[in-house]
Amino acid sequence: MKILDVQSISRSFGSVKAVDNVSFSVSAGEICGFIGPNGAGKTTTMRICSTLELPDSGDVLVGGCSVLADPRGVTRQIGFMPDAYASEQNTPVRDYLEFHARAQGLRGPARGKAIRSVIDFTGLKPLLDKEVLALSKGMRQRAGLAVTLLHDPSLLILDEPAAGLDPRARVELRELLSVLAEMGKAVLISSHILTELSEICDVVAVIEAGRIRASGRVTDIQKQLSPDALYYMRCISSVELLQRFLLEQPGVDKVRADKQGCVFSLAEGDQALADLLGRAVTQGLRPLEMRPLTADLEEVFLSLTEGVVQ
């Protein structure tokens, strides 16, 4: 079931068209990586989805509610975590959560239950008496995620949540997001750390210069860019000899060497792969490894974008 449905939205700032006819969707239980270079239109799109900006044209539906016709219905269903928070008062985490719960309209026992729930989920219990500004970046991100979850939204919109986090904090954030997706929530997340997104995202939307270049599952996008299967081969013989051998083989294309072996594409199926391996053996290359490669998000991104800056 679609939770987020972005329908041909556009938004200009003066002569700059920040968002140009953008469409994509995110379903319940999906994590969608929203990727693009700086100035591509990611933040503007996310702000429109969060009712913080109005599109010049088009619409966004969240759970069937329009950001234009029913913005209150949308805000009840979303949790938006911006890339940077305004300076918070130097207040304890406990009071910080209490304030935002009241701002969300939570009252009585429901408010207390919601606060306890997000504290347990994000692991903030040992930090409740610490001031927000005294927390590490990773713990402030956890506090921000707790605020985002207070009203139990069906859609989370997270703008660069992993920026500035240390490796452990990034792993912990990734685990929390995976659990939220398992709970049936839709997640739209932007990030420049593509290796992080590739491990958790079900689908991606690639944007550049305000336009969507591709959207869908990474493997499907990879097949559209190159229908041939990718493989990695490593031999006892030198990499240079392996590369020369592959470049001479029928059906082999896009040969790229690294320090230990070669990545290449092969147009045919299993029989062609078996024949290729057999020829490598007979020519004395002494293969050690031959394996298929899954789609690489960084390669997809570089293939789809040109580094255009608005």
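Note on the stretch 153-310: Cα Rg divided by 2.2 N^0.38 Å, N the number of residues, gives 1.29.
Mind giving me the FRET efficiency for residue 274 and residue 72? R0 is 51 Å, r the Cβ-Cβ distance, nearest 0.05 is fine. All intermediate terms of the calculation are to be shown ahead of the outcome.
Details: r = 61 Å, r/R0 = 1.20.
After rounding, the FRET efficiency stands at 0.25.
Contact order, relative form, for the chain: 21 percent (alpha carbon pairs under 8 Å, 6 or more residues apart, mean separation divided by residue count). Between residue 95 and residue 57, the modelled labels are 5.0 nm apart [label points 7 Å from Cα along Cα→Cβ].
The packing ranking, built from the mean of other Cβ atoms within 10 Å per residue, places the peptides 192-204, 152-164 in the order 152-164, 192-204, highest first.
For a paramagnetic label modelled at 7 Å from the Cα of residue 237 toward its Cβ, which residues of the stretch 257-287 fall within the zone defined by backbone nitrogen distances under 15 Å? The answer is 261-262, 276-287, whose backbone nitrogens lie closer than 15 Å to the label point. Compared with the direct C-alpha span, the chain from residue 306 to residue 249 gains 17.5 nm at full extension, assuming 0.36 nm per residue.
Can you tell me how much longer the chain between residue 183 and residue 137 gets when fully stretched, taken as 0.36 nm per residue apart minus their C-alpha distance, in nm with one decimal? Write out the running numbers ahead of the final one.
On the way: separation 46, 0.36 × 46 = 16.56 nm, distance 2.59 nm.
Taking residue 183 through residue 137 to full extension adds about 14.0 nm, to one decimal.
Given R₀ = 25 Å, what would the calculated FRET efficiency be for residue 166 paired with residue 129, taking r from the Cβ atoms and rounding to 0.05? With R0 = 25 Å, the Cβ-Cβ based efficiency is 0.60.
Can you tell me what share of the DSSP beta bridges in the chain is antiparallel? A percent to the nearest 5 is fine.
So the antiparallel bridges amount to about 70 percent of the total.
The residues of the chain present an accessible area of 50 Å² per residue when probed at 1.4 Å with all protein chains retained. When +1 charges are put on Lys and Arg Cβ atoms and -1 charges on Asp and Glu Cβ atoms, the dipole computed for the chain relative to its Cα centre reaches about 800 debye. Applying 1/(1 + (r/R0)^6) with r as the Cβ-Cβ distance of residue 152 and residue 291 and R0 = 35 angstrom yields a FRET efficiency of 0.25. GNM remark for the chain: springs join alpha carbons under 10 Å apart, and the peak mean-square fluctuation among 274, 146, 181 falls on 274. Pick out, from 22, 37, 63, the residue whose Cα sits farthest towards the positive end of the charge dipole of the stretch 1-65, with +1 on the Cβ of Lys and Arg and -1 on the Cβ of Asp and Glu. So the residue we want is 37.
Of the chain, which part is the longest with no trypsin sites (Lys or Arg not before Pro) in a loop (DSSP not H, G, I, E, B) and with at most 14 other C-beta atoms within 10 angstrom? Show your work: numbers first, answer last.
Values: sites that count: 107, 217, 259.
After excluding every exposed loop site, the longest remaining stretch is 108-216.
Taking the Cα centre of the stretch 181-310 as origin and assigning +1 to Lys and Arg Cβ atoms and -1 to Asp and Glu Cβ atoms, the resulting dipole is close to 160 debye.
Rounded to a whole number, what % of the accessible area of the chain do carbon and sulfur atoms account for, probe 1.4 Å? The value for the chain is 50 percent carbon and sulfur by accessible area.
The values are calculated or read from the model by the stated rules, or taken from the named source; none is laboratory data. Remember, predicted model here, so these are calculated numbers, not experimental data. So basically every Cβ, Gly included, is an ideal-geometry build from the backbone, and we count neighbours across all protein chains shown. What goes into the accessible areas is simple: the full protein's heavy atoms, side chains included, and nothing from ligands, DNA or RNA. Shrake-Rupley method; radii C 1.70, N 1.55, O 1.52, S 1.80 Å.
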